[in-house]
1. State whether one or more residues within region 451-460 are outside any helix (DSSP H, G or I) and either among the small types (Gly, Ala, Ser) or not assigned by TED's automatic domain parsing to the domain that holds residue 349 (or both).
2. Can you say whether residue 372 is exposed (fewer than 14 other Cβ atoms within 10 Å of the Cβ), in the same structural domain as residue 427 (by TED's automatic domain parsing) and in contact with a Ser or Thr (Cβ under 9 Å, 6 or more places away or on another chain), as far as the supplied structure shows?
3. Among strands (runs of 3 or more DSSP E) lying entirely in region 174-264, which contain 1 or more residues that are modelled with pLDDT of 90 or more and of a type in the set (Ser, Thr, Tyr)?
4. Can you find, within region 414-450, the residue that is farthest from residue 385 (Cα to Cα) among those that are assigned to a loop (DSSP other than H, G, I, E, B) and touching a residue at least 24 places away in the same chain (Cβ under 8 Å)?
5. How many of the residues making up region 169-191 are over 18 Å from residue 268 (Cβ atoms) and in contact (Cβ under 8 Å) with a residue 40 or more places away in the chain?
6. Inspect region 443-454 for any residue being in contact with a Ser or Thr (Cβ under 9 Å, 6 or more places away or on another chain) and at pLDDT below 90 and give the result as yes or no.
7. Between 502, 483, 528, 488, which is surrounded by 10 or more Cβ atoms within 10 Å (Cβ to Cβ), closer than 30 Å to residue 430 by Cα, out of contact with any Pro (no Cβ under 7 Å at 6 or more places or on another chain) and at pLDDT 80 or above?
8. Given the criterion under 19 Å from residue 447 (Cα atoms) and either surrounded by 16 or more Cβ atoms within 10 Å (Cβ to Cβ) or assigned by TED's automatic domain parsing to the domain that holds residue 457 (or both), identify the matching residue among 407, 422.
Amino acid sequence: MDDSRWFADDPATLVIACAALGAVTAYVLLFRWIRYIPNTRVGVVEKLISGHGSVRSGLIALHGEAGFQPEVLRGGWHLLTPLQYRVHRVPLVTIPQGKIGYVFARDGLDLPPTQALASSLRANDFQNVRVFLEAGGQKGPQRMILREGTYAINLAQFVVLTEERLYYIPLDPGDKQTFEKMAELLVARGGFRPIMIQGADDIIGVVTVHDGPSLPPGEIIAPTVGQDPLAMATYHNNFQDADKFLVAGGRRGRQLQVMVEGTYYINRLFATVEAIPKTVVEVGTVGVVVSYTGQTGLDLSGTDYRHGELVHQGERGVWTEPLMPGKYAFNTYAGKVLMVPTTNFILKWTRGEVGSHRFDENLAEVSLITRDAFAPSLPLSVVVHIDYRKAPLVIQRFGDVKKLVEQTLDPMVSAYFKNIGQTRTLIQLLQDRGAIQEQAGEQMREKFEHYNLELNEVLIGTPTGGPGDVHIEGILEQLRSRQIAEEQVETYARMEKASAKQCQLREAEARAQAQTALTQSEISIAVQSNHGKAELARAQQEAARIQTIAAAEADRTHLLGEGEAKKIRALAESEAERAARVGIAEAMAVEEKVQAYGGANFQLVQQVMGRFAEAIERGQIDIVPRISMGGGTAGGAGMIENLLGLLLSTKFGDAVGEPYERDAAAEGIRRELRARLHAQVESPPQT
């Protein structure tokens, strides 16, 4: 069936169909006219049809031409002419906290040959493309970076590189590869994160700028911009504002100005930072600065000093003022700091022994030839001091202390002691060591002062022989043996003295021990004396008691005896008187005998004579010969008398040790003995 006829037959259906077609057409047209942009995105508008034609140069259509429009659509509904515009929905650019974003402009002025990055001095608004381009914005990587935040950026004009992702609208199949390489370079430089220099690390940052005018010929490092480094550093905010740095006269290359502790947001495409340690000048040293940069200054060392240039601080050459102990943010690419010890240091001419400064690591013993043709090796030690005010002069003349030691001090000291060795024998060299040290110190001190050094002490060691040289060791052995002998003599003398002291000590100890015994005996004597006195007192008391008792007993007996005596007195008066007289006579006789013959001697004589008489009487011995050859009848009696006289003579008494007197008692005894002898003579025994 013909459709047109069907519509003609049914007008209502035709109306409905026309209405439906109109609605669909209106919906389609409305959809084309209205665009919705979420708030998390922006719309980049691309104009497809324009009465102004296409963009003649560049990418962005600033005057209504066909192409990418400079303005973006923010979140919401937008009415656009259908078929004339195309809208690219792109995300907002987000830079996280503590991160950096880099911008690449696709449109703008071309970069000049001397410029590596696009200037953002005036064109610094990346969210307004029209303003950016009209202000003279340049295409390519921008000097300005994006800090933390969210940005509505036209990604047709700008490509934003972050650590997390790339923000851009692909226009060419090779865009992705190009921007990924750029991102890899930034990652390698740590460009998406700020530079953080911590004080505890004791490091500084040396900046190398990759944009701007090149250094003039002869310069190796870019000077600090401006006359006042601190003011200019504040002006360009320590290389964080690249455009201001270049406007102030900054140059491409490694910078003299360094970065110290802090956090810096630096465009790594503009400048990179190398961390180096701080220059630390320890206590006991100073740092002499040799500057490779700066203006050529006036030589302060004088016309008579031809060893280099001594200049003021900041000029090229050796700085006249050294760095005192401390920490310094010194750019070691702009110069070097030579540490010079200001305390005493020892240089040892001994192989294998090296000081803490290692100035003497190439020194060895001095080879000598003595006057007696020995060839010993002499170890030396020299104590040296450098005045901190003269340290720049030392560096100016020699370059460093080690060169001073090896090129000047070593030959000078070796030659001096070789000359000394030729004037002395080996034994003199050993024995005169103290004098040689003193002489060397005095004579070499002036030479050291000529090189701005202070010589404090020269110390000489013991000469030694080379390998296989036994002669020097033999000499030394003889000297040692001689010294040992002398020491032994001294030792024996001291031992002798010690022995005498030991005898005195032992005698004193014996006396001390005897003193103890003597003290004890004296105490014992005193004790015994006290005991004797006590016994005497007791005896005297006992005697007095006995005497009293005896006296009482005697009185009692006397009283009793008186009565008894009166009773018998009459009967025995005569007998008592006789007995008394006889006793008295005998007592007197005995007493007289004792007095006459001297006590014990008298008794001895009496006993001898008595026994002699008794022996003669009992034995009937003829003491007188029976036949007498002499005349008279009294010859025997005369001999006996002579014998008795001899026995009783004074000589006999003298022989027994006591004199006697011839008194009446003695005469009585002689008469008694004579009578007994006569009786024996008169009646001799029968033959």
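The values are calculated or read from the model by the stated rules, or taken from the named source; none is laboratory data. No experiment lies behind these values; they were computed from the predicted model shown. Positions of Cβ are backbone-derived with ideal geometry, glycine not excepted, and every protein chain shown enters the neighbour counts.
1. Narrowing region 451-460 to residues outside any helix (DSSP H, G or I): 451-460.
Among the residues that remain, those that are also either among the small types (Gly, Ala, Ser) or not assigned by TED's automatic domain parsing to the domain that holds residue 349 (or both) are: none.
The answer is no, given that none of the residues of region 451-460 is outside any helix (DSSP H, G or I) and either among the small types (Gly, Ala, Ser) or not assigned by TED's automatic domain parsing to the domain that holds residue 349 (or both).
2. Judged against the criteria, residue 372 is a match.
3. On the way: elements: 195-197, 203-209, 253-259, 262-264.
In region 174-264, the matching strands (runs of 3 or more DSSP E) lie at 203-209, 262-264.
4. Filtering region 414-450 for residues assigned to a loop (DSSP other than H, G, I, E, B) gives 423-425, 432.
Retained after the next criterion (residues that are touching a residue at least 24 places away in the same chain (Cβ under 8 Å)): 423-425.
Details: 423: 30, 424: 30, 425: 32 Å.
Only one residue tops the list, namely 425.
5. Selection size over region 169-191: 2.
6. Just the residues of region 443-454 that are in contact with a Ser or Thr (Cβ under 9 Å, 6 or more places away or on another chain), to begin with: 451.
Going one step further and asking which of them are at pLDDT below 90, we end up with 451.
Looking for residues that are in contact with a Ser or Thr (Cβ under 9 Å, 6 or more places away or on another chain) and at pLDDT below 90, one finds at least one in region 443-454, hence yes.
7. Working: 502 fails: closer than 30 Å to residue 430 by Cα; 483 fails: at pLDDT 80 or above; 528 fails: closer than 30 Å to residue 430 by Cα.
Criteria check complete, one pass: 488.
8. Working: 422 fails: under 19 Å from residue 447 (Cα atoms).
Of 407, 422, the one residue that is under 19 Å from residue 447 (Cα atoms) and either surrounded by 16 or more Cβ atoms within 10 Å (Cβ to Cβ) or assigned by TED's automatic domain parsing to the domain that holds residue 457 (or both) is 407.
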